[in-house]
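K.L.:
Sharing a structure here in structure tokens format.
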Amino acid sequence: MVQTGWTPFFKKLKRYRALFLMMVPGIAYLIINNYLPMFGVVIAFKDINYAKGILGSDWVGFKNFEYLFKTADAFIITRNTILYNVSFIILNTGMAITIAILLNEIRSKLMARFYQSVILLPFLISMVIVGYLVLSMLSAESGYLNLNLLPMFGMEPISWYFEPKYWPYILTIVQVWKSTGYLCVIFLAAIIGVDHEYYEAATIDGASKWQQIRTITVPLIAPTITIMTLLAIGRIFYSDFGLFYQVPLNSGPLQPVTDVIDTYVYRGLMTLGDIGMSSAAGLYQSLVGFILVLLSNYIVSRRNKENALF
Amino acid sequence: MKTNDMNQTVVHAIFIILVVLCLFPFVLLIMSSFTEESAIVSNGYSFWPSEFSLDAYSYLWIQKAAMFNSYGITILITIIGTFVGLLISALLAYPLSRRDLPMRSLLSFLVFFTLLFNGGLVPTYLIYTEVFHMKNTLMALIIPGLLTNGFFILLIRTFFANSIPVQIIESAYIDGATEFKIFYRMVLPLSLPILATIGLMLTINYWNDWFNGLIYITEPKLFSIQNLLNRMLVNIQFLQQNNLGGQQIAANPPMNSVRMAMAVIGILPLILIYPFFQKYFVKGLTIGAVKG
């Protein structure tokens, strides 16, 4: 007899109860850490009053968003976030692929491992430490650049932490310095996975090294490149908070070029106490980020289903 | 074959430049910490101390109570966070890797969706502080980092699904093993590579975390080593003003070199263990990459 209705479903639940039990802590965690805050986005539409509580506070509709987009800040933080991320994606990917290809060419396994370890080192340290490293270079009174390097070229000392114009370059260099190693290891893994027979056949056909890289290596690691780029594009509205907060030492004069959505939200919440505008900026970030992931994934899946995230 | 190799000398030359660029700031930091304060004031931080000095470290030794306290906090949250994070990740990932689990795709989607959309900093902060009252507790340093947005769960799930044959699980079940016993006795031992990788990632995340301390902790007794470093970076006199060690402190401490010595102490443990876990780390990144 074929069973219908709820009975088989409950039987199944009973059979799998141990597995469901295993998932309880993880699911509970996701609810607390991820899903409850998702409902918290209502804060962006409210005039938060701690006395009334989050749910009891008055609704203000899109007022918080109106205030946000009336300020010059909205444009500046959006522009900074996007421009920094675009240059990071291009430079990081380009550098990482080049280094990975070169690393794969090194015949001495010992040296290859040594280079790899050193290049990965900056990835391991915290942004606070990176802040110290940058300070030792740029500090006005005792930094290496001002006291040792610039005088060698007969140049005047520069008050780095008060001069916005240098910071787009400084932040980009620091970011590439810190994260290229990680991306490089991922690409190297993909390169090592390429079948050697392709190269042997190409060598017999007389292909030069450059031709082999262009026609074998790069096309075969393209799926990995696509996925990593896709992940980065999906997060183009987010930034590494540490990079933009720690490295410029939260210096006020630099804000026009170092302020991104993440630092703006943080400042609104922690220093200015402007919770409404801050959560409006946060929701703007999450929503646009979400749309960008869906969009970029859609574009990739139309071209090649295999390379898409979902 | 030989003619087709890249010119090894050129490639090595490029890498030597890269190695210098990567190590340069670290060497500057370490050397500065061993430099006499007056030399830093007149010559700046430099690669070769014109006047070698251990003053910075002896000053930090006077402050050892605060140092050890912060180290203790960091070690504690790293151990607990890594262990608990790894445990609940594996417990969540394993059932999701089983193709026969009812409602599997719905549950997987719940995990995956956390990667696509989040409430943002403000609601998260308010929930942790106003609803769960975690401000100034150790929990605030441990809880927010546990599952890192579901990404690790998906990696572990993929590993379980691809490298543990269903037949083994089925036959164990028929032989009367409970699901927990199968998980503990068979699945976990077969999955050491991915567990080691995720464990290392969690360890690094917890060791380096300063953000949770920045927003949830205002009580200096609960500062992790990164938060102490953070305060010292912004406010060079932080240790002196707060007198965290409780001892009498020198009137004119060598603050510039102390700052750099603090940073050295902050990196040291990681640098010391790096050679040992480097192998697993690279292998782990590789696993993650190949599976996408």
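K.L.:
Name the helices (runs of 4 or more DSSP H) wholly inside segment B:98-217 in which the number of residues that are loosely packed, with under 14 Cβ neighbours inside 10 Å is 3 or more.
P.N.:
Where helices (runs of 4 or more DSSP H) fall fully within segment B:98-217 and carry at least 3 residues being loosely packed, with under 14 Cβ neighbours inside 10 Å, they are B:104-116, B:166-174.
K.L.:
Let me ask you something else. Can you tell me which residues in segment A:138-152 are buried (at least 18 other Cβ atoms within 10 Å of the Cβ) and either more than 7 Å from chain B (Cβ to nearest Cβ) or in contact with a Cys (Cβ under 6 Å, 6 or more places away or on another chain) (or both)?
P.N.:
If the condition is that a residue be buried (at least 18 other Cβ atoms within 10 Å of the Cβ) and either more than 7 Å from chain B (Cβ to nearest Cβ) or in contact with a Cys (Cβ under 6 Å, 6 or more places away or on another chain) (or both), then A:LEU138, A:SER139, A:LEU145 are the ones that fit.
K.L.:
A further question on this structure: Determine which member of the set B:LEU154, B:LEU190, B:LEU146, B:LEU202 is under 20 Å from the mean Cα position of the chain (by Cα), of a type outside the set (Phe, Trp, Tyr) and more than 12 Å from every other protein chain (Cβ to nearest Cβ).
P.N.:
B:LEU202
K.L.:
In addition: For residues that are among the acidic types (Asp, Glu) and without any contact (Cβ under 8 Å) to a residue 40 or more places away in the chain, tally how many sit in segment A:43-74.
P.N.:
2
Quick grid of which residues meet (1) surrounded by fewer than 18 Cβ atoms within 10 Å (Cβ to Cβ); (2) of a type in the set (Gly, Ala, Ser):
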{"position": "B:SER32", "(1), (2)": "no, yes"}
{"position": "B:ASN43", "(1), (2)": "yes, no"}
{"position": "B:SER53", "(1), (2)": "no, yes"}
{"position": "B:ILE79", "(1), (2)": "yes, no"}
{"position": "B:THR82", "(1), (2)": "no, no"}
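K.L.:
Taking interchain pairs and intrachain pairs at least six residues apart, which have beta carbon atoms under 8 angstrom, with the first residue in segment B:139-150 and touching a residue at least 40 places away in the same chain (Cβ under 8 Å) and the second among the charged types (D, E, K, R)?
P.N.:
Close Cβ pairs (under 8 Å, with a partner that is among the charged types (D, E, K, R)) amount to B:LEU141/B:ASP209; B:GLY145/B:ASP209.
K.L.:
At least 1 residues that are of a type in the set (Ser, Thr, Tyr) in each: list the helices (runs of 4 or more DSSP H) lying fully within segment A:52-129 that qualify.
P.N.:
Counting at least 1 such residues, we get A:63-70, A:73-105, A:109-124.
K.L.:
Follow-up question, since we're still on this one. Any residue at all in segment B:121-141 that is closer than 30 Å to A:TYR298 by Cβ, aliphatic (A, V, I, L, M) and away from chain A (no Cβ under 11 Å)?
P.N.:
Within segment B:121-141, none of the residues are closer than 30 Å to A:TYR298 by Cβ, aliphatic (A, V, I, L, M) and away from chain A (no Cβ under 11 Å).
K.L.:
If I filter segment A:20-30 for residues that are under 30 Å from A:TYR264 (Cβ atoms) and surrounded by 12 or more Cβ atoms within 10 Å (Cβ to Cβ), do I get at least one hit?
P.N.:
Within segment A:20-30, one or more residues are under 30 Å from A:TYR264 (Cβ atoms) and surrounded by 12 or more Cβ atoms within 10 Å (Cβ to Cβ).
FYI, it's all coordinate maths here, none of it is from the lab. The shown structure was predicted, so the numbers you read here are calculated from the model rather than taken from an experiment. Note that each Cβ is placed from the backbone with ideal geometry, even for glycine, and that neighbours are counted across all protein chains shown.
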